[in-house]
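The block underneath contains the structure these notes are about, expressed in structure tokens.
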Amino acid sequence: MQEAGVGYFRTLLTSQPIEISDDMLTSIPSLVTHHESSLTTAIPTGEEIKEVVFSMSRHRAPGPDGFPADFYVSCWDIVGTDLIQAIKEIFRHKVFTRSWKATFFALIPKVTTPTSFRDFRPISLCNVCYKVVSKIVTRRLSSFLDRLISPEQCGFVKG
């Protein structure tokens, strides 16, 4: 039964790579300016990082490191400088350490009495540091996201 579940979710959550030739890319219009692109990947300020940490839901389940966002908020005077430095390094070098990318994978039942793997919703529990980087990039993208998503996909755009 366990192996069947692994196979089900492996198939559900993976895809085959698609080969794209350079001439195909020339027909895709550029929707993001160079300036917007560089703003998205710019090294964040300490204040921007702190604002993101303090805006996170504090009591969500922790990721593999075992620390919820509340730990970082409560101990900001102790860990804040190190966290800011680490987040800036990620933006500077564009590389996550392996432990920061580690994620717990959990199955949440969709129905009262699940009988198959289709009755579960997979969720991932990421480390807070990973969430901080994701939230920074998401906030930055939000200023022009409406231009990147077609009207048929408007459920992904706020409002």
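Placing +1 at every Lys and Arg Cβ and -1 at every Asp and Glu Cβ, with all other atoms neutral, what dipole size does the chain have around its Cα centre, in debye to the nearest 20?
Details: 18 positive and 16 negative charges, 74 e Å.
In total the dipole reaches around 360 debye.
Label positions at Leu25 and Thr81, each projected 7 Å from the Cα along the C-beta direction, are separated by 4.3 nm. Between the residues Ile20, Gly66, Val132, the greatest Cα displacement towards the positive end of the dipole of the chain, with unit charges on the Cβ of Lys, Arg, Asp and Glu, is found for Gly66. Projected label points at Thr33 and Arg92, each 7 Å from Cα along the beta carbon direction, are separated by 2.9 nanometres. Two numbers describe the Cα atoms of the chain: Rg and Dmax, which are 19.2, 52 Å. Rounded to 0.05, the FRET efficiency of the Thr138 and Thr115 pair, given R0 = 41 Å and the Cβ-Cβ distance, is 0.70. When Met56, Met24 are arranged by Cβ crowding within 10 Å, least crowded first, meaning fewest neighbours, the order is Met24, Met56.
Read-outs throughout are calculated quantities, based only on the coordinates presented, and are distinct from any laboratory measurement. None of these values were measured; they are calculated from a predicted model. No Cβ is skipped: glycine too gets one built from the backbone with ideal geometry, and neighbour counts run over all protein chains shown.
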